[in-house]
Every structure is written in C-alpha cells, then in structure tokens.
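Below is one structure, written out as structure tokens; comments come after it.
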Amino acid sequence: MLDVGRHPNITLLAYSELEKIEGEAGNFTAIIRRKARFVEEDKCTGCGACTEICPTSVLDLYNEGHAERKAIYSWFAQGIPSTHVIDPDHCRVLTGKKCGICQKKCEADAINFDQKESILELLVGAVIVATGYDVFDPAKLPEYRYTQLDNVITAMEFERFLSASGPTEGHIYRPSDRKVTAQIAVFEKKVKKSQKALDRFEKNHGQDSVEFYSAYKAGSLNANDDLEKDQDKWAKKYEAHLENATPLEALKEKAKGFTSAKNLAFIQCVGSRDLRFYPFCYGYCCMHSIKEAIIAHEHDNDTHSVIFGMDIRAVGKGFEVYKVRGGNNSNISYKRSRVAEITKNTDESPVLIYEDTLEQKVKRETFDLVVLATACEPVKSTQKIADTLSIDVDAYGFFKTQPADPLDTSREGIFVCGCAHSPMDIPESVAQASSAAARAVQAIMKKNNKKAS
Amino acid sequence: MIDIVRQKISKLLSDGSVKGVVALAMANGHVAPCLFQKEDDLEPLCLGDTKKPGDARYPLNKVLITIARQYPEDVFGVLVRGCDERGLYVLYRLNQLEPDKVMTIGIACPQELAKACECKKPYPDELVAGEKTEGITQQGVQDMEDMDLSKRFSFWKNQFSKCVKCYGCRDICPMCFCRECSLECEDIISKGELPVDIPVFHLTRAMHMTDRCIDCGLCDETCPSGIPLRLLYKKTSKIMNAEFGFTSGINKNEQSPLNLMGPAPEK
Amino acid sequence: MSECNYLYGNYCAEKRVTVLSQMLDFCGIEKDRLRARWVSSAEAPEFVEEINEFIDVLKPLGPSPLKKQTSKDVA
Amino acid sequence: MNMNDLILYEEPRIGVFVCDCGSNIAGHLDCADVAEYAKTLPNVVYVKENLYTCSEAGIVEIKKAIKGQNLNRVVVASCSPRTHQPLFSSSCAEAGLNPYLFEMVNIRDQCSWVHMGKRDDATQKAKELIRMGVAKSAGLEPQEEIESSLVRKVLVMGGGIAGLSAAQALADMGLDIMLVEKTSNFGGLLQQVHQLDTGGSARALLSKIIDDVQSRSNITCYTKAIVKETGGYIGNFEIKIDTQNGLIKDKVGCIVVATGAVPLIPKGLFGYDGETVISLMELEQKLKKDDLTARRIVFIQCAGARTKEREYCSRICCMIGVKNAMIVKEKYPLIDVRILYRDMQMYGTHKEQMLWDARGKGIQFDVYNPDNPPEVKEGKVSFFQSITGKIIDLDTDLVVLSTPLVPRSDAPAVANMMRVPTDQNGFFLEAHAKLRPLDFAADGIFVCGSGRYPATSTEARTQGLGVASRVAAILFKDKLVKSAIVAKINPESCVGCKACLTMCPYEAITYNRDKRICEINEILCKGCGNCAATCPSHSAQLCGYKPEQLLAQIGAA
C-alpha cells in the first residue's frame, strides 16, 4: 500500500467514484466524481489531532462495530492516503449544529466545511476493475441466529478481535461478556454520581445512608429540623442510587466468572455452497478459519478450535501442510458436517446442533464462541459499475470473462482482477493483478502501434 | 645429504629450469635464508641445523612469496622439509604461489626432530635427500585435553598473560601473508595495552590458522615469552581433522572445508 | 538448515562455530557459553524458547571466569 | 569531493524517531521514557516520539527534522526493517540525506512482542537496542546506488500454456522473446487433455495461441531445445541454448521459468495396471479416441496425493476428475460413475457449479477416510462408507486414479542451473507465497504455471500474463538501479587468496589475474556477507555492515 502511495507513476484518487467512461480501448475518457471529504488533501498531514478532539462518536465499521470512531476519522490507522475525512451524516457542523472544534484544532488548516464534490476528467488507455467483494450478511440464515446470539460472530469480526490494534487488543473476549463489562461501566458512572450526592447528605447529618434509610422506612427516624427538611430528598436519592447499585453488584458478581473464549467453533460455508444464497465456493475461507484458529491458539495455548466444514479446501501451495500442522500443533479438530442450528445455554454460550457424519449421530455441543466463515458476495454496486462501464456480469454476479482471456471483460480495454472477477485468495489475486496490468499495457501498446502505422 | 642437495640445486640452476633457489646459507657463523642464483656459488649452502636438529629453521616459503611477487614470470626453487611442503600446498590453494612456478628440493627430517615436533609427516612428498622417518602421534594435545577445565583455564591464562604482543608468531608464520592483519584491527584488539585481551588475541589468531596451520612450529620457536602456541594450533588442526576429515597441506589439491559452501562433508 | 536467505551462509557459520566452541573448551572456557541456532524471522516463539533455554544453561555456569580476573573487563 | 563524502568529516548529528505504532509498541513499553533516554546518547541532537512514524505525518516529521535540525544520521525505532526500511530510507533521500545514513531499530518485534507483559524489561531493552543503533549509525557511510544497463530481450523456458501466454503478452509489449521448448511441440500438458473444464476443446484453445505466437516477428521459437547454461545477472543474463541447429549463445534481460509439471504415474497404487486401473491422463486419451467400453467406473481421488511422501493437494485433480466424469456421463449416460474422495476441492464459482451439475447428472460421490482407503480387487472396489457405517462393495470394470501433478524430473537441474530454490515437494519456490507469487528471490527470474504449483489452464494462462508485467516493470526502465548494500574488496589489501570466491553463493566474485586480486560484481552481489566473514584480512567488507560499524553496535550493547 505504501509502495503504491509513493510510486511516482501512480496517482491515488481515494474517496472517488467513476461516473462515466467514454471512448474506446487505448483512448478512454473517464469522468470521476471526487466526493467531498471536508478535509483538504494537500494540507492534511494525517496527525489525528482532530480525531482526538472530535466530540461525536460513531460505531466503527472498520472494527465491525465493536469499537467506536469519531465523526472525523481515517478508515484505519495506517491507511493510505492518511488524509482524514468527515462523516457528513454525523458531524455536528454538517448536520446543522454548532461545533467546528476540529477546525480550530487543526494546525494545518485543512478542515473545510464548504468543500464540494468535484468532477475530474481523465484520459486513460485501459481500465482495470478491482472492486473486490462484499461480506455476506449471515443474519439471512435464520438457523445460526446471528445478531440474536451475542457470541456468534463473523470471521471478519473475529479477525478484528485477534488484531492487537482491534477492539479487544488481541484478546478473545466474548461479546456477551463485553456487553456486561460495558454495562458495568455505565452503572459505575451513575453510581459514582449518586454516591457523591449521598455523601453530601451523610456529611451534613453525620449519618450513614443505609442507617438513615432503614430508620426512615421504619418511621423511627429521630429527626431534627435540618434532617426533617432533607429526609425526603435523601430517601429519594438513596432509592435512585439503589436502582443502579443493586444491578451493578449483580453484574460485577457475574463478571467475576468471565474468561476469554477458549472453546471455538468455526462454521464454514455460511451463505456459500448453499442454493438459498450463493451456490459457489469462495475458496479462501477454509484457510482463513484455519489461520484464525492457529492465531487464537498462539495467543492462548489453552484454545481449542473445531472447524465444521463439508470439505476442507486447502488447495493452494503449502495449504495442506498448514492445515495438518494446525491440527497437530494448534489444537484444531476438523469435523465434516454442516451445522444445523445454533442455540444458547444460560451463560450465553452457543450450542451447536449438528450431525457427526463419521459417527452417524446428531450431537449438541457447547462452545464459548462461534465464528461464521461468511461468504464473499459480489459487491452491491456490481450492476451499477457494469452499467457505467458497459460490461457484462456473469451468472454468479461477478464481472464476466472468458477462460481463454481470463482478465478481459466483454468490453475491449477493460480488465478485471481479484474478487471482482471471482472469489479467490491472496496469491491468486496478486498474480491476477499482475496479469491485468500486463493486459492493460498490451491494450495500450496495441493501440499506439496501430496509430503509428 | 647436503651434497645431494647441492648437486640438485646446481643442476637446476645450470639447466636454467629455475631462476634461483631459496635455501639457507652459513655466513659468519650464522644460518640465514639466501637466494642462490649461480651454480658455482653454492659453497655457503647449509641445511640449517648447527647444534641440534631443527635449531636453525626459517620460513623459506615466506621469503619465496616476496620474491615471487616481484618476479611473477620466473620459476624458483626452494628447499623444503615436510612442513614446508605442506605450507606450499596451502599457499597454492590460497593462490599466493603458483605451483608451476615453484620447484622443490625436498629433504627429510631426522627422527629426533620429528619427535620434538610431534610431526605427522616429517618428510616431503617429493624427496631429494634424507630418509623418510615415521610420523609421530600427537600426545601434547591429548595431555592438555585430559586436564580438567579449570586447570586448562589457568594454564592458558598464565601463558597468554606472558604475551608481549611482539607479533613474532605472525611475522614468522609462513601461512600469514595478509597485507592487513586482524590482529592489528583496533576494534578487536586494543592498541598499546598489556596484557593482551585474554583469550581474544590468541584465539583470534588461532581461528585464522584453523584451516592453514601446517604445524611447522616456527611460532613456538620464535615466541620470546615461550608461549606454547604450537599446542594451540595443533588443537585447531585436530578439530579440523576430527570434524571435517581435513588436514591442512596433506593433499595438494584439497580445498579447506571452511572455504566451501554448503554443509560439512560427511565424515 | 537449507533455508538460509543467502543460500549457504548458515552452513559456513556452523562450521566456524564448531571449531570455535572446541577451542574455547581447550582454553578452559565452558563451550556451553557459545551457542548457535537457526531461527527464522518468522519463528518468534522458537526464538524466545531458544533464548530462555540458553539462559537456563548460562545461569548455573555463573559469570565468565575472565570477568573475575581481568579488572579491565569489569570496569 | 561531493556532498556525500563531506558527511564523513562532519560530527554526526543523529535524529532518533521513536514510534508508538499506535498501541502496538506504546502499549507494551514506555515510549516516552525511551525517547527521553535517546536524548542522552552521544551525538543525538534530536528525538521525537510519533504515534505512527510510517504515517505521512511521521514521514513529514523526519523530513522536517533532517532539514531543520541539520541531521546527518537518522535512526527510527519502530517495527521490522523488512517492511519499513525502504520507506524510511527513501524518505531520508527525499529530504536530501543519503539513504544509507539511515538505521532502523526494531522495538516492536524485539521488545513489545517478545516481552509482552513485562513493561519494564521491554522498555529497558528498547533503550539498549536504540543505544546500539545510534552507535552503529554514527559510523554509517553514504553509499551510491549501482546502475547497470538492460538487454530488452526475454528468455521463456517452456512452451506450455503458461510460457506461451507470457511470450504472447511480452511480444505485444514490444520486447524480443526467445521461447524454448524441450519437446518437439508447443502446448505442454494441455496437449494430452481432451476437453477443457470450461467447455471447448483443449486443442482449439492451444492452436489459437500457438498460431499467434508463431506468427510474431519478435518471438523466436525453439523446439527440441534445451537451455544449457545461464550466467550473468538481471538485465544481462548470458544464456546458451542447445537447439536443433546447434548451440546458440545470447544475452537476455529477464528469464521466465514455465517448465511445467507432470502427472504422477500411480505405480503400485490401488492396483494400477494401465488397463482396468488407469490414471486420469489415460482416461483423457481414451475419451479422445472415443474408446470407452466400461459400464461401471469408479474414480479414486487423491491417489498419491496428500500422503506422507507427497503432502500437498494438487489443486486441479478434483476438477479434472469431475470434468471427465461428466464427459463420460454425457457421452454414455448408462455408465455408472462414482467418485470416491477425501475433500472435493472445487473452489471458486465455476468449479463448484460443476459439482452441483455433476450430482445432477447422477454421478455419485462418497467420502473415504485416508486411514482406511478403498481397496481395489478384481472387478471390485470396496470402501468404508462413513455415513452408513458400512463397507460397500462396488462392482466395477474401470478404476480411474486421480493422481497429482509432480515436479518434472529435470526440475532440480533447472533450479540448480538458475540457482533458484525449490520447495519441499520439488516445485519452484517463489519469493513470497502471498505477495510475490510470480517472482523468484533472484532478481530478473520469474516463474509461472504448474512448475510453481499445479494450476488449471486458466490459472496458468493468468500467471503467464502476470509474469509479463513483472518482466515489463524491469525492462521498460532506462537502466537498472540496485541497492548499494553490496560487498566491496579493498584492492590495496586483497592478497588474492580466493577464499571469498569459493564462498560466494551468487558467483559474484572473480579473480583478476593481472592485478592478482579478487573483484566483486556489484550487480550479482546480494550483500550476504559470506566473503566478508571469510576474508582473513578484512579486505572484503559489506557496505553498511563493516566490522567497525558492527563492533560499534556490539560495543554499545
């Protein structure tokens, strides 16, 4: 990414969309809409001071909603370009409220709330489409109860959990537990506040709130004038305090039993190889799950993972060895099965119901955390991009190519690579990207040669 | 014996097969290296020993290197004992002398000298004069190895602390031909300080000698402090032999395992 | 062993280490004080394990005998 | 004397940048304390702690400090030099500082990662590492990058689909290509294939490409030819090809290895006899000749693959098995087809669709357990069907073994000649499994097709085209620029002992007879330092890693 960002022959146009393409191979005119960032690209140094001070917090989608970001932000820390962007849906200024604190803070004077989107016209010889893929939403599968069960998460969410810079700093805390911890924090804040009020009463009247309240309730309060004046207020405050303090104690008690997740289940082919959704296999998720299980085991040697799959597809170079090593060294078991349903037991632990095809038995098994290896689906805007470029989409929803010309779309001079082409893993994507580059050069040189002759 | 040698040298010089012969001469009661260039000028020639076998030896190869560098096109003869010939082989290997520019006049060492040296092969492959005698097994290294660790430590510490850093061992060594020497590299060996860094100074030299030392013993004889340097280098030779089956200078065309890529050869 | 980035470098190092460790021993210095292992940059846990193992070997050996006797080194 | 040399005479002014790496480093050690400490080190005139030194902001800081503080050495204490050294050193260059005056200290991998949870220890070690880095940097010398010319010609070894595709694309880019094929025909393994998985005949696809390749004026085709020798280096390889018309010597700028792989002949597996038990490739021949008399066919997948001796999955045999099963079923609907498999490796869109379609055609699939493999005995295949828990006996008159592709027998010789590595299975080993799948670690040599790892025809074609752009990225430049981290031999002190020469794995050292010294070819040198370690007189030294620089670093430890 850095190399690309620094390459003299590469101009990066982030936060931009292709509006229109005209002309023909070797001689296209591309109309590009540059969206308004509200931050001047040539001024912003990416220092992040604005983000620190921004008062508006939004769920961070980069962390799959498990953390928060600000209304002025960069998508992730090492992103290229490091230019920040203001989220127009949440920024106070852009939603008509008063703020502008980032503008005051920015030493580079880069914030510009009046920035408008602009249109850029580019002459290009060839186009490479590398728009990638979207992650399938597993909530569409009713049987896995994604979103209903806290401890059923997607592989992408798990990836963020494993990341040292992720929401849990690499520790695998269960989302249900994190919820409780978050609740505790909220209650603690409230309790601290109400305790302060109670402290005042206690100090004024030289009496403990508990004593006071029981006497108050029993009507045996020995009240002088001062106390008479305060007693109702005090009692009310105390009752309000209890409303928070009681559940806080209960939650704290509950949280004592929390440990990180050690028993992991990975469910393969969620949304893929499934005629209800996507019939195809997206090729990389078996390895992805194995990798996540190995990393989880590296993080905590007590971790045990079970990978439920129909076939474990370890087809790439070195993959089979990796898979076997995962089984031998990282406490991973592979089970040939399609999990039928996930429920939960009382402590929020997911329970998997599946048929063990080797033992011909239906089993129920409890895990700490379930990771869904979700399908890769064509990006939602595929059809729109296809229309803009006038290229075809194949039966599976990806950009169409021919086996003999695996990078060429239906329009000359426009090429496709990576998961926009079809689902594939990193080495294949990288190899394909090189090929697409070669095809693009070929197309341009061909055109130039024709012109010359 | 000396007559045979003299005859041989005379013949080489007269038929023009060599430009000169590096050997020893006796002058004013002292033995010294000499380049003989005329066949009728061989009167002072001697084989080195005066009072007892081996008491007057010189690194003739080293003299030869100096001469050969000056006259790279000419062929020279050189008087060699077993160890000198081993040295020549190593110098060929390390490209310091060219085999076809050197003619050897080989003499065997007497048994007495061989014993004193614990020499494995006290005669050259190409023998001109003298009788081949038996090689001697190396007892000194074994005796040292049999001592316990702390004794060895104090032995060497005492020996090394005697060093006056005169560089005599290096200067006499026929295998030392570098123009710049690690022992003068200030980052390794601190300058102007005595005693020398123990054991850095002597181990540095020993490590440099591992695949070269041909066990001539000149270092030992030269050392003014009487440090048993030969024992140290004999040990390196023993390791090279035990680990890699290599003995420096024994085979004319053998490369040092340390200068070959890849793993150590199978024993 | 055959995975050296520079093809053979580690073999060469191994041979030299073999000689050096025996020479140290000959001079009365425990050869366990020298250790060579091959750990790739991708094998962090192996590296940590090696170092910890080495520490376990070194601790009982105590400080270097050279340190005690040469004041220069201590300073 | 130029600016760079002047630096050698200046007092070092070292700038130290300590990176928090967000919380990757700062979370496990006290970066502020480390930065404070760095200020106390000799010659350090400027210290800055950054949240992300590699961010644009961090880079700007470095550049600003080089200019503003007049720094002549820069030390960054952050992550791994493997990923970030190029960025930092080129940033120094952009600010006018010679990039070789940059030194990197890895306090992420070596401190925060290994001493996680021991904050004080990690902090202490970071200080020590920085002290060492600073000491080394003070002795760094400026270096000039090395340039050399480029021959705009490419050697493609192997005329299969991958090699042909590479040649085609390179020719389109205007480069000259020498395409060398060992056998008498182009087309490689695909010649033996009957129909493609994607439909259409393999022959038709091949002849289209071969005709195109043979019609190009800038592709010189050699059949029945073998590359005998390759010498030289990127941009200037010297090659010798043994052709039908004698030995050809030439120079090329880059080399593409597309030598392919061969199917395993399953001798000794599942009663293979070539008649009633045959390999997939033999079935292809039968289909080609339309000579199939069997009534009941059983395919056994993973025959000889994913075993102890061949641990890998050959990627394409499931697809070929299913493809042929479907062709059989289409042509002879009455033939009973069963496929016994371990995992059906039908990755991607189209292959998975084939699997659905195959089931739809009535082909039956059964899992077998490798610990309890099927047995083939005279007209019968028995296997343990786990889903029913029973042993099933299948009457059969033809067993087809899906065998993996294995490296060619001459692959080691090719690897040896080119001095490129192979993996534990004998396939060519690329520079990086994920990020550089088509490059060899040796510059200017590339790999594509099944010689790298089994690939479908589409994948092989993709890789062939991909290699073309890797080659173009080199040969389209005016000249070659190479890192200055190479060894140099001091001609004054070299005694020409040739010890370094025998130790150089890249054959970058030659002996100069006239001067009686050894000399280094800087383009071939990879900077491994073997020569420097061997040289008895410190005459061979590695730039940036000279003894005095390293000893300064060690001395500071």
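The values are calculated or read from the model by the stated rules, or taken from the named source; none is laboratory data. What you are looking at is a predicted structure, and each value in this text was computed from that prediction instead of being measured. As a convention, Cβ positions derive from the backbone with ideal geometry for all residues, glycine included, and neighbour counts pool all protein chains shown. Just so you know, the surface numbers come from the protein's heavy atoms only, side chains and all, with ligands and any DNA or RNA stripped out. Shrake-Rupley method; radii C 1.70, N 1.55, O 1.52, S 1.80 Å.
Residues in the stretch A:271-283 include at least one that is within 30 Å of A:Leu141 (Cβ to Cβ), open to solvent by 50 Å² or more (accessible area, probe 1.4 Å) and of a type in the set (Lys, Arg).
Yes or no: the stretch D:413-435 includes at least one residue that is open to solvent by less than 10 Å² (accessible area, probe 1.4 Å), within 14 Å of chain A (Cβ to nearest Cβ) and of a type in the set (Gly, Ala, Ser). Scanning the stretch D:413-435 turns up no residue that is open to solvent by less than 10 Å² (accessible area, probe 1.4 Å), within 14 Å of chain A (Cβ to nearest Cβ) and of a type in the set (Gly, Ala, Ser). Each residue in the stretch D:376-386 was checked for being crowded, with 19+ Cβ neighbours inside 10 Å and basic (Lys, Arg), and 0 pass. Of the residues D:Lys182, D:Lys208, D:Lys224, the single one that is outside any helix (DSSP H, G or I), charged (D, E, K, R) and under 30 Å from D:Ile327 (Cβ atoms) is D:Lys182.
Could you pull out the residue among D:Ala57, D:Ala135, D:Ala77, D:Ala93 that is of a type in the set (A, V, I, L, M) and either at the interface with another protein chain (Cβ under 9 Å from one of its Cβ atoms) or assigned to a loop (DSSP other than H, G, I, E, B) (or both)? Walk me through it before giving the result.
On the way: D:Ala135 fails: either at the interface with another protein chain (Cβ under 9 Å from one of its Cβ atoms) or assigned to a loop (DSSP other than H, G, I, E, B) (or both); D:Ala77 fails: either at the interface with another protein chain (Cβ under 9 Å from one of its Cβ atoms) or assigned to a loop (DSSP other than H, G, I, E, B) (or both); D:Ala93 fails: either at the interface with another protein chain (Cβ under 9 Å from one of its Cβ atoms) or assigned to a loop (DSSP other than H, G, I, E, B) (or both).
Only one candidate passes the filter, namely D:Ala57.
Going by the conditions given, is A:Glu355 facing another protein chain (nearest Cβ under 10 Å) and either outside any loop (DSSP other than H, G, I, E, B) or open to solvent by less than 10 Å² (accessible area, probe 1.4 Å) (or both)? Criteria met by A:Glu355. Among the residues of the stretch D:373-389, are any in a strand (DSSP E or B) and of a type in the set (Phe, Trp, Tyr)? Scanning the stretch D:373-389 turns up at least one residue that is in a strand (DSSP E or B) and of a type in the set (Phe, Trp, Tyr). Scanning the stretch D:286-294 for any residue that is open to solvent by 10 Å² or more (accessible area, probe 1.4 Å), among the polar types (S, T, N, Q), in a loop (DSSP other than H, G, I, E, B) and over 22 Å from A:Glu320 (Cβ atoms) turns up at least one such residue.
Considering D:Leu264, D:Leu280, which residue is open to solvent by less than 50 Å² (accessible area, probe 1.4 Å), more than 25 Å from the chain's Cα centre (by Cα), of a type outside the set (Val, Ile, Thr) and closer than 22 Å to D:Phe186 by Cα? Let's see the steps before the verdict.
Numbers: D:Leu264 fails: more than 25 Å from the chain's Cα centre (by Cα).
Every option except D:Leu280 fails the conditions.
Applying the condition of being assigned to a strand (DSSP E or B) and within 14 Å of another protein chain (Cβ to nearest Cβ) to the stretch D:28-54 and asking which residue is nearest to the chain's Cα centre (by Cα) yields D:Asn50.
Given the conditions (1) in contact (Cβ under 8 Å) with a residue 12 or more places away in the chain; (2) open to solvent by 60 Å² or more (accessible area, probe 1.4 Å), which single one is not true for D:Asp121? Just one mismatch for D:Asp121, condition (1). Note on the stretch A:404-437: residues that are in contact with a Lys or Arg (Cβ under 7 Å, 6 or more places away or on another chain) and either among the charged types (D, E, K, R) or open to solvent by less than 30 Å² (accessible area, probe 1.4 Å) (or both) total 7.
A:Glu412 meets each of the listed conditions (1) within 30 Å of A:Ala293 (Cβ to Cβ); (2) away from chain D (no Cβ under 11 Å); (3) part of a loop (DSSP other than H, G, I, E, B); (4) acidic (Asp, Glu) apart from (1). Restricting the stretch D:363-375 to residues that are open to solvent by less than 40 Å² (accessible area, probe 1.4 Å) and away from chain A (no Cβ under 11 Å) leaves a set whose member that is farthest from the chain's Cα centre (by Cα) is D:Ile363. Each residue in the stretch D:396-412 was checked for being part of a loop (DSSP other than H, G, I, E, B) and buried (at least 17 other Cβ atoms within 10 Å of the Cβ), and 5 pass.
Only a single criterion out of (1) assigned to a helix (DSSP H, G or I); (2) in contact with a Gly (Cβ under 9 Å, 6 or more places away or on another chain) is not satisfied by D:Val105, namely (1).
Please verify whether A:Val379 is under 25 Å from D:Ala202 (Cβ atoms), more than 10 Å from every other protein chain (Cβ to nearest Cβ) and of a type outside the set (Lys, Arg), treating the condition exactly as stated. When the stated conditions are applied, A:Val379 does not pass them. Just to be sure, is A:Val93 open to solvent by 20 Å² or more (accessible area, probe 1.4 Å), among the β-branched types (Val, Ile, Thr), in contact with a Cys (Cβ under 6 Å, 6 or more places away or on another chain) and away from chain D (no Cβ under 14 Å)? So A:Val93 fits the description; yes.
For the stretch D:443-548, which helices (runs of 4 or more DSSP H) that fit wholly inside it have 3 or more residues that are open to solvent by 10 Å² or more (accessible area, probe 1.4 Å) and polar (S, T, N, Q)? Steps first, please.
Working: elements: D:457-475, D:499-503, D:530-534.
Filter on the stretch D:443-548 gives D:457-475.
Do we find a residue being part of a loop (DSSP other than H, G, I, E, B), within 14 Å of another protein chain (Cβ to nearest Cβ) and surrounded by fewer than 18 Cβ atoms within 10 Å (Cβ to Cβ) anywhere in the stretch B:160-177? For the stretch B:160-177, residues part of a loop (DSSP other than H, G, I, E, B), within 14 Å of another protein chain (Cβ to nearest Cβ) and surrounded by fewer than 18 Cβ atoms within 10 Å (Cβ to Cβ): absent.
If you go through the stretch A:39-59 one residue at a time, do you hit one that is open to solvent by less than 50 Å² (accessible area, probe 1.4 Å) and within 30 Å of A:Val441 (Cα to Cα)? Looking through the stretch A:39-59, none of the residues is open to solvent by less than 50 Å² (accessible area, probe 1.4 Å) and within 30 Å of A:Val441 (Cα to Cα).
Checked against the criterion of being surrounded by fewer than 19 Cβ atoms within 10 Å (Cβ to Cβ), assigned to a loop (DSSP other than H, G, I, E, B) and under 31 Å from the mean Cα position of the chain (by Cα), the stretch D:339-360 has no qualifying residue.
For first residues located in the stretch A:15-44 and assigned by TED's automatic domain parsing to the domain that holds A:Leu94 and among the small types (Gly, Ala, Ser), partners that are at pLDDT 95 or above and open to solvent by 70 Å² or more (accessible area, probe 1.4 Å) and lie 6+ apart or on another chain with Cβ distances below 6 Å do not occur.
Residues that are open to solvent by less than 10 Å² (accessible area, probe 1.4 Å) and either within 10 Å of another protein chain (Cβ to nearest Cβ) or in contact with a Gly (Cβ under 8 Å, 6 or more places away or on another chain) (or both) within the stretch B:190-213 comprise B:His202, B:Ala206, B:Met209, B:Thr210, listed in sequence order.
Go through B:Asp74, B:Asp84 for me and flag whichever is crowded, with 18+ Cβ neighbours inside 10 Å and at pLDDT 90 or above.
Working: B:Asp74 fails: crowded, with 18+ Cβ neighbours inside 10 Å.
Going through B:Asp74, B:Asp84 in turn, the sole match is B:Asp84.
If I filter the stretch B:117-128 for residues that are surrounded by fewer than 18 Cβ atoms within 10 Å (Cβ to Cβ), of a type in the set (D, E, K, R) and in a loop (DSSP other than H, G, I, E, B), do I get at least one hit? Yes: one or more hits.
Considering (1) open to solvent by 10 Å² or more (accessible area, probe 1.4 Å); (2) away from chain A (no Cβ under 14 Å); (3) within 25 Å of D:Met417 (Cβ to Cβ), the lone condition that D:Met178 does not fulfil carries the number (1).
Out of all the residues in the stretch C:6-27, is one or more over 22 Å from B:Phe244 (Cβ atoms) and either modelled with pLDDT under 80 or at the interface with chain B (Cβ under 7 Å from one of its Cβ atoms) (or both)? Before the answer, list the steps.
Of the residues in the stretch C:6-27, the ones over 22 Å from B:Phe244 (Cβ atoms) are none.
No: the stretch C:6-27 contains no residue that is over 22 Å from B:Phe244 (Cβ atoms) and either modelled with pLDDT under 80 or at the interface with chain B (Cβ under 7 Å from one of its Cβ atoms) (or both).
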